[in-house]
Amino acid sequence: MKKKKVSDMVTVNRKARFDYILGDELTAGMVLSGPEVRAIRDHHVQLKGSFVTVRAGELWLNNLTLGADTARNIKLLATRKQITALEREKVAGSTIVPVKLLGGSRHIKLVIAVGKGKKKYDKRETIKKRDIERGRYA
């Protein structure tokens, strides 16, 4: 009997790639309860509008939408070294943004990246490049 291949990617925050110039990525674990895990595995999750903060030396994912629930705050698991590196980047004026949610294996993980906010003209440039690649401006 063949095993059904489970997709590794649960969801991607496409808005993050548009709104931020992303730098280094980091994969972090998540502290979840049973119903939260089920909602994520069933793809009832949305990363749009969520962000990561550092509070009391811990990483927290804020405004994660799970199923019909409103925004939730979830603790992320990372090493002390990784957290201090992220704190240093944040002090330099960057933001920590969730990029994608992975859930194909036994563990559910979140890929976060350090991002610098784009200006309006940068966003217009991104749209223009995308349109050129699609062949709209030949």
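The values are calculated or read from the model by the stated rules, or taken from the named source; none is laboratory data. Small disclaimer: the values here were computed from a predicted structure and weren't measured. We place every Cβ from the backbone using ideal geometry, glycine too, and count neighbours over all the protein chains shown.
Just one of (1) closer than 22 Å to Ser33 by Cα; (2) surrounded by 19 or more Cβ atoms within 10 Å (Cβ to Cβ); (3) out of contact with any Pro (no Cβ under 7 Å at 6 or more places or on another chain); (4) of a type in the set (A, V, I, L, M) trips up Ile96, so point out which.
(1)
Please identify the pairs in which a residue from the stretch 123-134 that is polar (S, T, N, Q) has its Cβ atom under 9 Å from the Cβ atom of a residue that is surrounded by 11 or more Cβ atoms within 10 Å (Cβ to Cβ), counting only partners at least 6 apart or on another chain.
Thr126/Arg17; Thr126/Phe18; Thr126/Lys118
Given the residues Ala28, Ala68, which is the only one that is hydrophobic (A, V, I, L, M, F, W, C) and surrounded by 15 or more Cβ atoms within 10 Å (Cβ to Cβ)?
Ala28
If the requirement is being surrounded by fewer than 18 Cβ atoms within 10 Å (Cβ to Cβ) and modelled with pLDDT of 90 or more, which of these qualifies: Lys109, Lys116, Lys75?
Lys75
On the phi > 0 side of the Ramachandran plot and not in a strand (DSSP E or B): does that describe Gly104? Reasoning before the result, please.
Numbers: on the phi > 0 side of the Ramachandran plot: no; not in a strand (DSSP E or B): yes.
Taking the combined requirement at face value, the residue does not satisfy it.
Could you tell me whether Lys81 is surrounded by 13 or more Cβ atoms within 10 Å (Cβ to Cβ) and among the charged types (D, E, K, R)? Show your work before the answer.
Working: surrounded by 13 or more Cβ atoms within 10 Å (Cβ to Cβ): no; among the charged types (D, E, K, R): yes.
Here the answer is no, as Lys81 does not meet what is asked.
So which residues in the stretch 54-65 are surrounded by fewer than 10 Cβ atoms within 10 Å (Cβ to Cβ) and touching a helix residue (DSSP H, G or I) at 6+ places or on another chain (Cβ under 9 Å)?
Going through the stretch 54-65, the residues surrounded by fewer than 10 Cβ atoms within 10 Å (Cβ to Cβ) turn out to be 56-57.
Result: Gly57, single match.
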